[in-house]
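> This is the structure I have questions about; it appears just below.
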Amino acid sequence: MFLGSHCNRRQALQTAACGFGSLALAGLAQAAATNDDPLAPKMPHFAPRAKRIIFLFMQGGPSHVDSFDYKPALDEQDGKMMSFDDARIIANTGKKGSSQRIMKPLWKFQQHGECGRWSSNLFPEITKHVDDLCFMHSLHTEGVAHGPATLFLHCGSTNFIRPSMGSWVLYGLGTENQNLPGFVSIAASTGNGGPRNYGNAFLPPVYQGTALGKAGGPASEATIRNLGNRQVDVATQRRMFDLTQSLNAQQIQTHPGDTELEAVINSFELAWRMQTHAPDVLDLSKESAATLTQYGIGEKETDNFGKQCLMARRMCEEGVRFIQVTYGDNTANPAWDQHSNLPKHADHARAVDKPISGLLADLKQRGLLEDTIVWWGGEFGRTPYAQTNGTGRDHNPGGFTMWLAGGGFKPGFAFGQTDEFGHLAVQDKVHMHDLHATMLHQLGLNHEQLTYRYAGRNFRLTDVHGRVVKEVLT
Amino acid sequence: MILKQAVRQAARVGLCVVAVLAGFVPCWAEDAAPPAPRLTAEQSDFFEKKIRPVLVKYCYECHSQEAQTSNQLKAGLLLDSREGLLAGGDSGPALESDQPADSLLLDALRYETFKMPPKGKLPADVIANFEAWVKMGAPDPRSGQAPVKPQGIDLQAGRQHWSYQPLRTPQIPTVKNGNWPEGNIDRFILAGLEAKGLQPVADADRVTLIRRVYFDLIGLPPAPETIDAFVADSRPEAYALLVEQLMSSPQFGERWGRHWLDVARYAESLTLRGFIMPEAWRYRDYVIEHFNTDRPFDQFLREQVAGDLLPAATSDEKARQSIGTAFLVMGNTNLEEQDKTQLRMDVVDEQLDAITKGFLAQTVTCARCHDHKFDPIPTRDYYALAGILRNAKTLEHANVSKWLELPLPVEPELENKLRQHETVVAEMQQQVKAAQSLAKSLTAAASGKVSVNIDVVAAKDLPGIVVDDAQAKKVGDWKLSQSVRPYIGAGYLHDLDGEKGTKTLTFQPDLPKSGLYEVRLAYTAGGNRAMDAPVTVFSADGEKTVLINQQLPPPIDGRFVSLGQHRFEQTGQGFVIVANEGTKGHVVADAVQFLPADPGDLAAASVSPTADKNDPKLEAAQRASQQQVAEVKRLEKELQKLKAQGPQRPLFMSVQEEAKLEDCAIHIRGTVHNLGAIAPRGFLSVVSQGTTAAIPNNQSGRRELGDWLASADNPLPPRVMANRIWHWLLGSGLVRTVDNFGTTGEAPSHPELLDYLATRFVSEGWSAKSLIRQIVLSRTYQLSSVASPELAKADPENRLLGHAYRRRQEAECLLDAILTTSGTLDLQAGGSTIKPGTNADYGYQSALTRRAVYWPVLRNSLPELFEVFDFPDPSMVFGRRNSSTVAPQALFLMNSPFVQEQARLAAVRLLRDVPDNETGRVDLVFRRLLGRFPTATERTTALKYVETDASAADFKQQQTQRWSQLVQALFASVDFRYVD
């Protein structure tokens, strides 16, 4: 709130001047009336179709024309020089039209599922779920380089300091389980915006994402910081905790009725509960062997990402609002960034294919897919033509594919089209702002009303853009 | 205009309003009310059949009266009436009567600049109909209204807003309780309270007061002995003396400088790529020094905007002033932005945001795309200011652009020494280079590889990693040739001097390790060759293209030309592309060589698998090679030593005047590729009373900007700074929105007091210390933080300041207090504190015992304690910090190894200082941490907790543990984390 600590939620209601969009106020105020806690579950703007999001971030930009966007013209015209408006060249020089060599997909396309979706054998396991997936083939976004595009994907802005989507969602809906953070980013990359991709920016700090581990790191390191005290046993920890709380209880008596001081005491209670509860959630040893196998855990190539996906499911069950799992690394040219050596896509695909397939099956089997949005994709796609060196593809923010599953997205459905080569989105275009708006919509949030007042004006995730793509919703 | 780009920019910049479709203003319709048209039957038929249905179906949703009514109108454009069409939208005139084909309406339908309708391009025949219609003169039978144009900004009305009003010297109010005030500040406060029938609470007790004033002025806790001395000092001037002593201590600037660093978005690295800015610390020290020396604030302000341009009597002064300008370079810039025109304006925008929020508490950057929606700031003013900053070169542009580091002005004596030293170093570098070169050839010989003189050699016989043309990945038709010698392998390739722009060769090495390599291209020269063959190196640093004149003989060994030294990471990109784009003449490539810059690595990388290890000649060569490698190492060490020993030429971050000084055009909708009228450089109209001098043509305007900021007719800076100081001392500003004095900000609770403080600030020479002293000595400042029941009821937010605010300790105060308690605090001042050799900030761990202000502010790796305790995001102007209470803080205090270790050190120190008096030790630990004695209950609780079985074998250990745990619990306690 723009008046910070001196204007708490209760005062906000008294003065109605603390920055919610006026329409949002009605919904949020209702929840606020019963609870001052900024993380308490809040009423959405309207009945939601989904309660939470799992975002599987394929960092670096997987190639849509080699995976889910089938373009026979690429096979037919392979090797031919043709004129394209290359996004990087336009950004660098303003020049449209450049001679580029068509490069056919390196993986074979076939029709799959009852819906007859074309997809390549790059992701054989995910492909088995096409009847549950909703493809958006006409995504387009901002930013030609990784840094800007990654920020845009997460925060809806390339250059400005803005809250990330998870923070907006947490701000809008609160969390269902205060024993865990409401917004976690598993294996977040430190590169390309790093903490800003799960940052709260000007939203209150309670809405910040919690990073578990870092990109490319082992799943075993993906844990909440300072969750335990290795130096002393649990009984001693309890004694210390009681000592702290008894000192606090005595000290706040000098300022009776001070809610902020009470909040300090509450924060310790919550920390204690988190410390007791969270390790169980992160502990995969209680899962059955069948489940572990389903996620590819125990197999060398899929073990790590499998564990991270399984962790995501466990948090999802526990009511965590926004869970991101990143497959990437911390370099300036992250994982899927095959400017040269496109066949390397196969390694990345192998690492994520079975885990994601396992996650989808597991969520479905547990009935969680109903109210969970699974969102898959990268910060952009790749060009249908070869990069200068001939073995890879450059970034393509002008047209690419993402898919969603569950949460009221039409299963076995495909929306939008790129041109005949898969270069630019041409039909039923979906801008990243539109996708953000659509996902918020499924969570029961109106993207135009989910606002926050900062520096004299209202901000939102979708800036002044965004269209709810109703066509893809059940 | 680069059409598509404009849209992309619009979408990116799009701060507040959607940029969709530009205006349609035919020149034949200049009059506001064109005569009603009379359509021929044919025209009418055409319109009704081919045009209207399309407009209704695809356009009206966003461009009609109905859309306007429901607040859905986009781009201020109405397409449901002739008037609307003619009046156009936000982007200004777009149709030339003689060139109707260029109409923006058609442009949008054709998906050129704009893309309408947004869901998909209309079929070609529909677009052709529109073209035909426009050609006819766009006959349109519809009548209706033009869109309601937004009113221009009324500056006269805007000046009525309180913050733009000239400063006034207010009358000092009279109060009923004349005994209470210590000075005028108190009279204003008491008058406010009395007007509501209220009274201030009692003064804070001496122990509370000294702790408060210590943290407020120097950010450190008072030692128990200091507290005792103050409590015992009954002289009436005891408090004033204490204040004076604190304000003259060097720690004062460290505390107050940090406040300003929040405003200045100070950081030592950038988010993207985590680049370290190694010279940023100079600005931090400059700010600290400013507060310690109390130079006039108006001068401080000028220096941060234009210090590099100000006259200076000495080189020291010149240096100091210049460092101040680093303020402009602190932004968290996206150096990777590929559109450099965009990047340039983004940098300007960021600077403008920092200047106007920081000094003026104005949200000027809202006016980048359109007139400010709430404040009297027209877009023209934005670009008048932007023009000034656009004349300051901030970045050197490249694929990844770079900020500027310039040599710091130094005294002539030092300058001489530096020059001498640099000459010696240069000579030494020559020696090293020669030795390296010899080492290379000896190594080559020793590895059984032939040296340079045979004209045809195999790639494996050359040092380093050599990718021959035979291994290159070819795109297009390349011909193998052996016509010109010397060459490597079976020959070299050329592009047949044909199909320019379509052929490339990619040389991808298998590098044994990450590191620095010299990259060389081998080619054969000739008169028929290209003079500008583009060769691009893709490395960890990005990509760099070198144009090679292949008519000239290769300079190295008659074989190679150097492409420079490049850093490669084993997992990252690393290859070289030879292309024939844009060339005339044959493009030739023979091989690419990667030579490790470290000769040791070179030797390792060059061992030939085929060499005969027992060859005595080879053995001798190997000895020679080893000796030479050792010699290189020795020389390099010597060079390093020489460099380290000699005087260092100091660098600093700054901006430079652009070569071409010019005004900036208004960017329509903020898009860099859609320029409107020129906005002559200038300042905020609403604050300028017409007395400000114009900016001379031969000046960038930055100096003038500094002068205007500090000018007598600009009431904002003194008000803003007085309010900031008040906020930093009292915990809440008179205007609580300290960075926003616009109409969406809050009005001052005590407008007369604010003007009183601001006018005093100016009249006392813009002295921050003087203002701080006045406030700290006021009785208002010294009040107890416990509200009376009357005040709590009548003024729950304490706007009338009937009592002090209890305040959350900031991250730095917590850290400094923890280090003080453990006895490890190191008060060394200034200097760079980033570990030498750090290139990127990812995963950086700070472990210093210096004051928090000296811990590196790295945007991707803030110290955990900072992150948890609301250290401000160093990418934004932050005049007022968040104050959150969240579980991660509790987890940090309970479990972080850092806190545990500090608690242990504090316990050891306690046990040493008070060896055998448990109660005395409990009292001391409370006083060290909280400043006060424990209450009886606290004492009992603590004593009970530390009880240890004295007969136990590990008694000492247990005792230390218990005491550590007590200290840790006190670190976590409310009274440690708050100041009363």
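> Inside the range A:237-318, counting only helices (runs of 4 or more DSSP H) that do not spill past its ends, which hold 1 or more residues that are modelled with pLDDT of 95 or more?
By residue number, A:289-294, A:303-317.
> State whether one or more residues within the range B:823-832 are modelled with pLDDT of 95 or more, among the β-branched types (Val, Ile, Thr), under 18 Å from the mean Cα position of the chain (by Cα) and not in a helix (DSSP H, G or I).
There is no residue in the range B:823-832 that is modelled with pLDDT of 95 or more, among the β-branched types (Val, Ile, Thr), under 18 Å from the mean Cα position of the chain (by Cα) and not in a helix (DSSP H, G or I).
> Just the residues that are away from chain A (no Cβ under 12 Å) and either more than 25 Å from B:ASP975 (Cβ to Cβ) or of a type in the set (S, T, N, Q) (or both), please, taken from the range B:796-808.
B:LEU800
> Would you mind finding the one in B:ARG669, B:ARG649 that is modelled with pLDDT under 95, within 30 Å of B:ALA384 (Cα to Cα) and basic (Lys, Arg)?
B:ARG669
> Within the range A:312-330, take every residue that is surrounded by fewer than 24 Cβ atoms within 10 Å (Cβ to Cβ) and more than 15 Å from A:PRO181 (Cα to Cα) and give me the one that is farthest from the other protein chains (Cβ to nearest Cβ).
Out of the qualifying residues, it is A:ASP329.
> Same structure again: Out of all the residues in the range B:755-778, which are assigned to a helix (DSSP H, G or I) and over 28 Å from B:ARG206 (Cα atoms)?
B:ASP755, B:TYR756, B:ALA758, B:THR759, B:ARG760, B:PHE761, B:VAL762, B:SER763
For (1) within 30 Å of A:LEU270 (Cα to Cα); (2) more than 14 Å from every other protein chain (Cβ to nearest Cβ); (3) polar (S, T, N, Q), each residue gets a yes or a no:
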residue: B:ASN839; (1), (2), (3): no, no, yes
residue: B:THR849; (1), (2), (3): no, yes, yes
residue: B:LEU858; (1), (2), (3): yes, no, no
residue: B:SER896; (1), (2), (3): yes, no, yes
residue: B:VAL899; (1), (2), (3): yes, no, no
residue: B:VAL908; (1), (2), (3): no, yes, no
residue: B:ARG912; (1), (2), (3): no, yes, no
residue: B:ASP923; (1), (2), (3): no, yes, no
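> Another question, then. From the residues in the range B:714-772 that are away from chain A (no Cβ under 14 Å) and among the basic types (Lys, Arg), which one is farthest from B:PHE374 (Cα to Cα)?
Ranking the candidates gives B:LYS769 first.
> Can you tell me which residue within the range A:259-303, out of those that are in contact with a helix residue (DSSP H, G or I) (Cβ under 6 Å, 6 or more places away or on another chain) and polar (S, T, N, Q), is surrounded by the most Cβ atoms within 10 Å (Cβ to Cβ)?
Here the answer is A:THR302.
> I would also like to ask the following. Among the strands (runs of 3 or more DSSP E) confined wholly to the range B:450-506, which include 3 or more residues that are of a type outside the set (D, E, K, R)?
Correct list: B:465-468, B:492-494.
> A:GLY422 is checked against (1) away from every other protein chain (no Cβ under 11 Å); (2) outside any strand (DSSP E or B); (3) on the phi < 0 side of the Ramachandran plot and fails just one. What number does that condition carry?
(3)
Conditions (1) at pLDDT 95 or above; (2) more than 21 Å from B:ILE772 (Cβ to Cβ); (3) away from chain A (no Cβ under 14 Å), marked per residue:
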| position | (1), (2), (3) |
| --- | --- |
| B:TRP256 | yes, no, yes |
| B:ALA264 | yes, no, yes |
| B:MET277 | yes, yes, yes |
| B:ALA280 | yes, yes, yes |
| B:ASP285 | yes, no, yes |
| B:HIS290 | yes, no, yes |
| B:PRO296 | yes, no, yes |
| B:ALA313 | no, yes, yes |
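> Please determine, by comparing only the residues of the range B:473-522 that are under 25 Å from B:HIS566 (Cα atoms), crowded, with 24+ Cβ neighbours inside 10 Å and in contact with a His (Cβ under 9 Å, 6 or more places away or on another chain), which one is modelled with the highest pLDDT.
The selected residue is B:VAL519.
> Within the range A:213-231, is there a residue that is over 37 Å from the mean Cα position of the chain (by Cα), within 8 Å of another protein chain (Cβ to nearest Cβ) and over 27 Å from A:SER164 (Cα atoms)?
No, that holds for no residue.
> So, one more: Looking at (1) buried (at least 24 other Cβ atoms within 10 Å of the Cβ); (2) more than 14 Å from every other protein chain (Cβ to nearest Cβ); (3) part of a loop (DSSP other than H, G, I, E, B); (4) within 19 Å of the chain's Cα centre (by Cα), can you tell me which one A:ALA335 breaks?
Every condition holds for A:ALA335 apart from (2).
> While we're here: Among the residues of the range B:112-129 satisfying the criterion of being within 38 Å of the chain's Cα centre (by Cα) and within 9 Å of another protein chain (Cβ to nearest Cβ), which is farthest from A:MET432 (Cα to Cα)?
B:LYS115
Conditions tested, residue by residue: (1) touching a residue at least 12 places away in the same chain (Cβ under 8 Å); (2) within 12 Å of another protein chain (Cβ to nearest Cβ).
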site: B:GLU864; (1), (2): yes, yes
site: B:PRO874; (1), (2): yes, yes
site: B:LEU891; (1), (2): no, yes
site: B:ARG904; (1), (2): yes, yes
site: B:VAL946; (1), (2): yes, yes
site: B:LYS956; (1), (2): no, no
site: B:ASP975; (1), (2): yes, yes
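> Can I ask one more? Give A:GLY466, A:GLY398 a once-over and let me know the one that is surrounded by 24 or more Cβ atoms within 10 Å (Cβ to Cβ) and either among the aliphatic types (A, V, I, L, M) or within 13 Å of chain B (Cβ to nearest Cβ) (or both).
Only one candidate passes the filter, namely A:GLY398.
> Follow-up. Among the candidates B:ARG282, B:ARG265, single out the residue that is touching a residue at least 40 places away in the same chain (Cβ under 8 Å), part of a loop (DSSP other than H, G, I, E, B) and within 30 Å of B:THR838 (Cα to Cα).
B:ARG265
> Within the range B:574-607, track down each residue that is outside any strand (DSSP E or B), modelled with pLDDT of 75 or more and more than 27 Å from B:GLN551 (Cα to Cα).
B:GLY574, B:ALA597, B:ASP598
> Sticking with this one: Can you pull out every residue in the range B:779-819 that is out of contact with any helix residue (DSSP H, G or I) (no Cβ under 8 Å at 6 or more places or on another chain), more than 20 Å from A:VAL264 (Cα to Cα), not in a loop (DSSP other than H, G, I, E, B) and not hydrophobic (A, V, I, L, M, F, W, C)?
Matches in the range B:779-819: B:PRO789, B:GLU790, B:LYS793.
> To continue, here is another question. Take B:GLN362 and tell me if it is over 23 Å from A:ARG162 (Cβ atoms), touching a residue at least 12 places away in the same chain (Cβ under 8 Å) and either buried (at least 22 other Cβ atoms within 10 Å of the Cβ) or not small (Gly, Ala, Ser) (or both).
no
> Which pairs do you get when a residue that is exposed (fewer than 14 other Cβ atoms within 10 Å of the Cβ), found in the range B:405-417, comes within reach of a residue that is charged (D, E, K, R) and part of a loop (DSSP other than H, G, I, E, B), reach meaning Cβ atoms under 6 angstrom, with the pair 6+ apart or on two chains?
Final answer for the pair search is B:PRO407/B:ARG649.
> Only one of these conditions is not met by B:LEU521: (1) within 14 Å of chain A (Cβ to nearest Cβ); (2) part of a strand (DSSP E or B). Which number is it?
Of (1) within 14 Å of chain A (Cβ to nearest Cβ); (2) part of a strand (DSSP E or B), only one is false for B:LEU521: (1).
> Out of the helices (runs of 4 or more DSSP H) lying entirely within the range B:848-943, which hold 3 or more residues that are touching a Lys or Arg at 6+ places or on another chain (Cβ under 9 Å)?
Once the helices (runs of 4 or more DSSP H) in the range B:848-943 are filtered for at least 3 residues that are touching a Lys or Arg at 6+ places or on another chain (Cβ under 9 Å), what remains is B:887-895, B:897-913, B:918-930.
> So, one more: Do we have A:PRO355 as away from every other protein chain (no Cβ under 14 Å), in contact (Cβ under 8 Å) with a residue 60 or more places away in the chain and part of a helix (DSSP H, G or I) here?
Answer is yes for this residue.
The values are calculated or read from the model by the stated rules, or taken from the named source; none is laboratory data. What you are looking at is a predicted structure, and each value in this text was computed from that prediction instead of being measured. Quick reminder, even Gly has a Cβ in these numbers, built from the backbone with ideal geometry, and neighbours come from all protein chains shown.
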